[in-house]
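One structure below.
The values are calculated or read from the model by the stated rules, or taken from the named source; none is laboratory data. The structure presented is a predicted model; accordingly, all values stated were derived computationally and were not measured. Cβ coordinates were reconstructed from backbone atoms using ideal geometry, including for glycine residues, and neighbour counts include every protein chain displayed.
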Amino acid sequence: MKSANIRNGLWVAISISIALFSANAAAQARQPISVEKARVVEHWTKERRASAIPRDLVIDERGLGYLRLPDGSLRPYGHDVDAQEAPRTQTPSPFAKPGGGGSGDTAGPTISAMNPAANATIGASYTFEATVEDASGVRSVSFKIRKGSSIAQSFSATRVGSTNTWSVALSGFTDGSWSWWVVAKDGAGKGGNTGTSATVNFTVSTGTGGGGGGTVTNAQWTTGGAVQTAAGRIYFEMPNNAQRTGPWSGYVCSGTVANDGTPNRSIIITAAHCVYDDANKAFARSVLFIPDQAHTTASGTDLNCSNDPMGCWAPSFGVVDVNWTTRTFPDNVAWDYAFYAVPDSGAHSGTGTSVVLDATAGSLPVSFAPPSVNAADSSDFTHALGYSYSEDPKFMYCAQDMTTQGSVNWWLASCGLSGGSSGGPWVQPMNVSTGSGNIISVNSWGYTNQPGMAGPKLSGTSASCVFGTAKTEAFPTSTPLDGDEGKIVTSCP
């Protein structure tokens, strides 16, 4: 480890090593793989890729932090206190066999109280709801919505508190005849049982107003534009213990190419917990950025850079605030912002003719000015976007008026983005026609028992200083596999 440097700013920078095989001879000739980068490539076996999970941090009612795993279970984060068992609120299904708990359950969830009901009339926006119950617990709920005979769109619903009600707020309906139905899966063994409701017909008349206020809890981003190409999936590894013994675990997050105005690099903004493991006190290694991964020609994330529209890029180092490293989640949520720096040469693999990340993928500006919040008008309407693990490879978003959560976080109370979206951008205001706007925060954390997404404040914090460091710090001459050599720590008032 290098000695610490003391300068103006409060941040930590660390060299990160990563590269991938070029998919074709031309790309390989353009980017020869060094010995140390080839070592990282060989490290990414099929088994390691398949075992990567979202780095999804959540807080329970006691204020304790947990890593939420893909199956919904909670792993203690920075402590040894087991998660509280959620109270069973589901009414036992009359179709479940004795024993419950999923062991003898062969029936799918029961679905009732669908709103809008049959023959209802709604406006351009509406909050769809349904009651979903199962003795084995409800694993997932999707609302299928279709206009006329067109192809149905699917929207992931979220549970309302500890009730059996699941909802999603949608907007953008147009006049005409529509229909919707619910598909739910329970928590029984062998992948669970699926229940499907009857199809309910309703009418849209935009002159009626409707409800929902335009809030979108979790939907696929289909507009495209600048945010589509600039945002991408980040793939990386972190240790399983502070001693760094045994294999490291693979994780996925989201990030966005930021407009940095510097000549020899591109900068990716993401969450600090996607750069530095504050529980085990180690930086990420084997980091890979895949812009616009939603348009891969594969079925999902496979780390084959040749089937992604612009290929992949390997950052050389990451920068976080030192307060993120010296504290442990959730005591450090105020500093959950970070940046990866990508050199303009030697970092690209796969498809595409340009090796410069921001020239290829484009970028969004990062604003460190105070955003609009709790406004009487719609100026505080904010989009949060990211790559959902459960919807791989779709690019997802939520959108609503922004408020605050405590003194250090912005808050989108109805946001239902799932794991993998951490580090994705908050854009305010969003020009929907061009998919562009200012990044004012990133997806940070949620609660274990309710919807909502928190984002760190970039205004009035050290975020601008951390960004400045990412733009000016010299690229390291060595990028070892373990991700801990060449660390630079800088501190200031």
Quick one: count up the residues across segment 363-392 that are assigned to a loop (DSSP other than H, G, I, E, B) and either basic (Lys, Arg) or in contact with a Lys or Arg (Cβ under 8 Å, 6 or more places away or on another chain) (or both).
1
Screening Thr360, Thr351 for residues that are in the same structural domain as Arg233 (by TED's automatic domain parsing), part of a helix (DSSP H, G or I) and touching a residue at least 24 places away in the same chain (Cβ under 8 Å) leaves only Thr360
Which residues, taken from segment 415-428, are buried (at least 24 other Cβ atoms within 10 Å of the Cβ) and either assigned to a loop (DSSP other than H, G, I, E, B) or among the small types (Gly, Ala, Ser) (or both)?
Cys415, Gly416, Leu417, Gly419, Gly420, Ser421, Ser422, Gly423, Gly424
Would you mind finding the one in Gly102, Gly108 that is over 18 Å from Val216 (Cβ atoms), modelled with pLDDT under 85 and not in a strand (DSSP E or B)?
Gly102
Identify, from the list Thr326, Thr262, the residue that is in the same structural domain as Gly437 (by TED's automatic domain parsing) and over 27 Å from Asn438 (Cβ atoms).
Thr326
Arg88 being assigned to a strand (DSSP E or B), of a type in the set (Lys, Arg) and modelled with pLDDT under 90
no
For segment 285-315, which residues satisfy the criterion of being over 17 Å from the mean Cα position of the chain (by Cα), under 15 Å from Gly255 (Cα atoms) and small (Gly, Ala, Ser)?
Ala314
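A quick yes/no check of all residues on (1) touching a helix residue (DSSP H, G or I) at 6+ places or on another chain (Cβ under 7 Å); (2) β-branched (Val, Ile, Thr); (3) under 27 Å from Gly63 (Cα atoms):
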position	(1), (2), (3)
Arg327	no, no, yes
Pro330	no, no, yes
Ser363	yes, no, no
Thr382	no, yes, yes
Ala399	no, no, yes
Ser407	no, no, yes
If we ask which residues in segment 53-84 are part of a loop (DSSP other than H, G, I, E, B) and among the aromatic types (Phe, Trp, Tyr), their number turns out to be 1
Give segment 133-164 a look and list any residue that's of a type in the set (A, V, I, L, M, F, W, C) and either part of a loop (DSSP other than H, G, I, E, B) or more than 26 Å from the chain's Cα centre (by Cα) (or both), or say none.
Ala135, Ile151, Ala152, Ala157, Val160
Could you say whether any residue in segment 60-70 is within 27 Å of Gly191 (Cα to Cα), modelled with pLDDT of 95 or more and surrounded by 13 or more Cβ atoms within 10 Å (Cβ to Cβ)?
yes
Of the listed residues (Ala384, Ala454, Ala399), the one being buried (at least 24 other Cβ atoms within 10 Å of the Cβ) and within 11 Å of the chain's Cα centre (by Cα) is Ala384
Sort through Ala272, Ala242, Ala279, Ala231 and tell me the only one that's in contact with a helix residue (DSSP H, G or I) (Cβ under 7 Å, 6 or more places away or on another chain), of a type in the set (A, V, I, L, M, F, W, C) and more than 30 Å from Met114 (Cβ to Cβ).
Ala272
